[in-house]
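Structure, as structure tokens:
FYI, it's all coordinate maths here, none of it is from the lab. Owing to the predicted nature of the structure, the values given are computational and were not obtained by experimental measurement. Because the Cβ atoms are built from the backbone with ideal geometry, glycine has one as well, and the counts that use them run over all protein chains shown.
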Amino acid sequence: MYPFRQAFSGRPIYLNISMKIHIFGASGSGVTTLGNALSNQTGIPYFDTDAYYWIPTNPPYSSRRNPTERNKLLTNDLNHSADWIIGGSLLNWGEQWLSAFDLAVFLWVAPELRLERLRKREFQRYGNLIFTDKDRKQQHEEFIDWASGYDSNLAHGRTLQAHENWMRELSCPLIDIRGDYSVAERLAIVLRQMEQHSLK
């Protein structure tokens, strides 16, 4: 049973349910931000696929895990919780994920806004290294180039078309949130759906 705090309803709401939630979208669409906000609001633990997809390195995001090991690590962590939120893309992680959720949330924002967010995030994380260090600059430029191919379906792996195809295969209800909504607005939409689910 999770208390949904006063800021969104005027009073605490308690949902006596078990929920497994997946939040996904393009890089820079706000998946991690919403996932952490929802976790803070409900007490349901949040897991990010990047923590399993990538081996911790310096610089980060440069060495991929073996898919079998990646899936095993994520599954083992999820098995410790009756409820969980997974943020990030699970494309090509196996068909078992298509029926693993009680609720899925897809986020989309316009490419120009999303890429602006990514550039700001990269600078906040790494500072001038993305301009002054040859290798880090190349990594940054390759990342932005990859991220810019999402909506045009030119990126390797994660694209809008791939996500839209994948979401049609999901067995659970889907919330499709497209546009520049605030975190609070997105959170309210998801909490409303969770509340409706609890009343069934």
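Candidates in the stretch 147-181 are the residues that are without any contact (Cβ under 8 Å) to a residue 24 or more places away in the chain and outside any loop (DSSP other than H, G, I, E, B); of these, the one that is surrounded by the most Cβ atoms within 10 Å (Cβ to Cβ) is Glu164.
Got a number for residues in the stretch 58-104 being outside any helix (DSSP H, G or I), more than 18 Å from Trp146 (Cβ to Cβ) and of a type in the set (S, T, N, Q)? Result for the stretch 58-104: 4.
Mind checking which residues of the stretch 105-130 are in a loop (DSSP other than H, G, I, E, B) and closer than 17 Å to His163 by Cβ? Full working, then the answer.
Taking the stretch 105-130 first, the residues in a loop (DSSP other than H, G, I, E, B) are 109-110, 127-128.
Correct list: Val109, Ala110.
Residues that are farther than 23 Å from Ala37 by Cβ and among the hydroxyl-bearing types (Ser, Thr, Tyr) are absent from the stretch 179-200 altogether. Residues in the stretch 53-95 that are under 24 Å from Gln161 (Cβ atoms), surrounded by 13 or more Cβ atoms within 10 Å (Cβ to Cβ) and basic (Lys, Arg): 1 in all.
Within the stretch 69-98, residues that are farther than 25 Å from Gly28 by Cβ reach partners that are among the β-branched types (Val, Ile, Thr) and assigned to a loop (DSSP other than H, G, I, E, B) with beta carbons closer than 9 Å, at six or more positions or on different chains, in the pairs Ser81/Ile44; Asp83/Ile17; Asp83/Ile44.
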